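Each remark here refers to the structure printed beneath this line.
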Amino acid sequence: MTNSPYLPVIVLLLAAVAFAVGPLALAWVWAWKFSPRKPGPSKNAIYECGLESKGDAWVQFHPGYYLYAIIFLVFDVEAVFLLPFAVAFTGLTLGAGIAMLVFLLLLVEGLVWAWQKNVLIWS
Amino acid sequence: MDENLKSELRKQGIVATTLQELYNWGRKNSLWPLNFGLACCAIEMIAASMARYDMARFGAEVFRPSPRQADLMIVAGTVTKKMAPQVVRLYNQMAEPKYVISMGACAISGGPFKQGYNVLKGIDRYIPVDVYIPGCPPRPEALIDALMTLQKMIDRQPLTGPDRPRHLQADAPSEFIVPEFGAHDLDPSQNPEVWQAPLVNISLAGTDDAGND
């Protein structure tokens, strides 16, 4: 056991943990022994910008926001696919070009659908 | 322990200290100011924390944007009556031990805007101030001087007895009255536990209301 090659690692690990936990424990013991706790309504408040918070944090967002976000995400992903396509454009076959066009058309179809559903008009 | 004996021991390479000295040494060299500026003095405060003046030399470079992590409030600039409640609330939200430097003429007394209807005539009407720096605005050297003054003050504080710092006294308040922005003035217009109006004319003592505005 004394010749275990992992013994120094364990000793160093313990020293590292003690180095981190020791001062924290010391500070905690000091605070518990000498510093009286002084909580208060301002100190326990959630918001910390000097203003009092009003109302509930659990508010509802307009569903229009989610539709907007989803449409944005779709075209964001489209850009990710379009960029390598554009870079490798000259070396691609006709089949690859048609496949990309179908992909684009599908997305455009989605946009037309959203447009017809008046999702793009913020209300 | 005798000071002469201590310096004699230090010459021999032995450092003798007390728990109080160690505690105060740690406390005075880790003043974290609240990252919070109100007016033009804040520009000088920023300059003091940057490379040319370098407040980091005194352990005060870690400007915290949250009052929960800060323990030094530098009231840098004109405190308007609209802003005063927020300043006091931020002070209340700071963890103990906490200190206040009142920076510049405005934070001390209202400064050039003292006659203004909307200016608080000194932040010491609501929160206890440890160090005042005069000037309009004070130069960064003045702020560094205030920091050093505060460090000396912390260094002198005994940890026991009636003169011990506020955060070690169980009955000393940690939160102060947050004034409300009323129709005509802040309500209350001052915290009598922290600040009493100075008597301007002693013959009017008792009936005088000077300084109450």
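Note on chain A: semi-axes of the ellipsoid equivalent to its C-alpha gyration tensor, largest first and rounded to whole Å, are 57, 36, 10. Summed over qualifying helices (DSSP H, 4 residues or more, each -39500 (n - 2.57)) and divided by its residue number, chain B shows a 222 nm mean residue ellipticity of -8500 deg cm²/dmol. With both labels modelled 7 Å from their Cα along Cα-to-Cβ, the A:A79 to A:L111 distance reads 1.3 nm.
Here is the list for region A:64-123: chymotrypsin sites (Phe, Trp or Tyr not before Pro) lying in DSSP coil, each with at most 12 other C-beta atoms within 10 angstrom of its C-beta, are A:W122.
Ranking of B:R139, B:R52 by neighbouring Cβ atoms within 10 Å, starting from the fewest: B:R52, B:R139. Sparse packing (at most 11 other Cβ atoms within 10 Å of the Cβ) combined with a DSSP loop state is found for the following chymotrypsin sites (Phe, Trp or Tyr not before Pro) in region B:96-190: B:Y117. Non-local lysine pairs in chain B, meaning eight or more places apart or on different chains, with alpha-carbon distances under 29 Å, amount to 16. Estimated from helices alone, the mean residue ellipticity of chain A at 222 nm is -21500 deg cm²/dmol (sum of -39500 (n - 2.57) over DSSP H runs with n ≥ 4, per residue).
Near B:I133, once Lys and Arg are set to +1 and Asp and Glu to -1 for all other residues with Cβ below 15 Å from its Cβ, the sum equals -3.
With coordinates expressed along the principal axes, the C-alpha atoms belonging to region A:7-52 extend over 55, 25, 9 Å, beginning with the largest.
Based on alpha carbons, the Rg and Dmax found for chain B are 19.2, 68 Å. Between region B:1-72 and region A:53-96, the C-alpha centres lie 50 angstrom from each other.
Every number in this text was worked out from the coordinates using simple rules, so none of it is lab data. Being a predicted model, the structure only gives us computed values, none of them experimental. All Cβ positions, glycine included, derive from the backbone under ideal geometry; neighbour counts span all protein chains shown.
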